[in-house]
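Data block below; observations after.
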Amino acid sequence: MMNLEYLTEKVLDRDVITKEEALFLYSRPLEPLCKSADKIRRYFCSEQFDLCTIINAKSGGCPENCRFCTQSSHSRTQAECYPLLSAERIVAQAKKNQEQGVLRYSIVTSGKCLSDREIDQLCEAIRQIKKKSGFPSVFPSVF
Ligand code: SF4
């Protein structure tokens, strides 16, 4: 029989819930759902968590019109607009974050794609981050 206790144990046994079971959970009251989620979190993650952070390395001015996005030039928000940050600035922020215990650092940029020059600039930043900061992982991504 499907109930919250059964589904909690199913997840703790590393089984995967079905679409019907997910829909059942969706209709449950929030408090018992949170208790089950916390039980699962404690079982799999204990009290430990990792810190990760991003830098917005290029902001705004995107000609696309994704309605949710403040980086679009069509957006009416007052989001900052600036070109790709220098490698030095991206590296300095990585080092600062690492000194504060952050384990993962992602570089995000606005727009559909980067120019060859921007990619070269980012590659240089990533090379320096790997060399100077010892970050285990750096994730460049176009936002
Ligand atoms: S930055 Fe990306 S998500 Fe935002 S408007 Fe441009 S293409 Fe769309």
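Determine which aspartates and glutamates satisfy two conditions relative to Lys132: a Cα distance under 13 Å, and not lying fewer than 8 residues away in the same chain.
Those aspartates and glutamates meeting the cut-off are Glu88, Glu99, Glu124.
I'd like the orientation of helix 30-45 relative to the chain: the angle between its Cα long axis and the longest Cα principal axis, in ° from 0 to 90, rounded to 10.
Between the helix axis and the principal axis of the chain, the angle is about 70 degrees.
Cross-link partners among lysines for Lys58, C-alpha distance below 17 Å, same-chain residues fewer than 8 apart left out?
Candidates past the 8-residue exclusion: Lys112.
What do you get for the angle between helix 87-99 and the principal long axis of the chain? Use alpha-carbon atoms, 0 to 90 degrees, nearest ten.
With both axes taken from Cα atoms, the answer is about 40 degrees.
GNM, the chain, Cα, under 10 Å: largest mean-square fluctuation among Gln48, Gln71, Gln93?
Ranking Gln48, Gln71, Gln93 by mean-square fluctuation puts Gln48 first.
Which is the longest run of the chain containing none of the GluC sites (Glu not before Pro) found in DSSP loop states (not H, G, I, E, B) with at most 13 other C-beta atoms within 10 Å?
That would be 81-143.
No solvent, one uniform scatterer per C-alpha: report log10 I(q)/I(0) for region 4-85 via the Debye equation at q = 0.23 1/Å, two decimals.
-1.01
Search the structure for amide H atoms under 5 Å from the amide H of Ile54, placed 1.01 Å from N in the peptide plane, and list their residues when 5 or more places away or on another chain.
So Ile54 has HN proximity to Ser106.
Would you list, by chain and number, the lysines whose Cα falls below 26 Å from the Cα of Lys19, excluding same-chain residues fewer than 8 positions away?
Answer for Lys19, where 26 Å is the Cα cut-off: Lys10, Lys35, Lys39, listed by chain and number.
At what distance in nm do the modelled label points of Arg89 and Lys19 sit from each other, each positioned 7 Å from its Cα along Cα→Cβ?
That separation, rounded to one decimal, is 4.6 nm.
Choose one of Tyr82, Gln48, Cys34: the residue whose Cα lies farthest towards the positive end of the charge dipole of the chain (beta-carbon charges +1 Lys, Arg; -1 Asp, Glu; about the Cα centre).
Tyr82
Roughly what angle does helix 116-132 make with the longest principal axis of the chain, taking Cα atoms, 0 to 90 degrees, to the nearest 10?
70
Using only alpha carbons, build the gyration tensor for region 37-129 and give me the equivalent ellipsoid semi-axes, biggest first, whole Å.
29, 21, 11
Between Arg41 and Met2, what is the spin-label point distance in nm, taking each point 7 Å from the Cα along the Cα→C-beta axis?
That separation, rounded to one decimal, is 2.5 nm.
Read-outs throughout are calculated quantities, based only on the coordinates presented, and are distinct from any laboratory measurement. Since the model is a prediction, treat every value here as computed from it, not as a measurement. Every residue, glycine among them, receives a Cβ derived from its backbone with ideal geometry; neighbour counts consider all protein chains shown.
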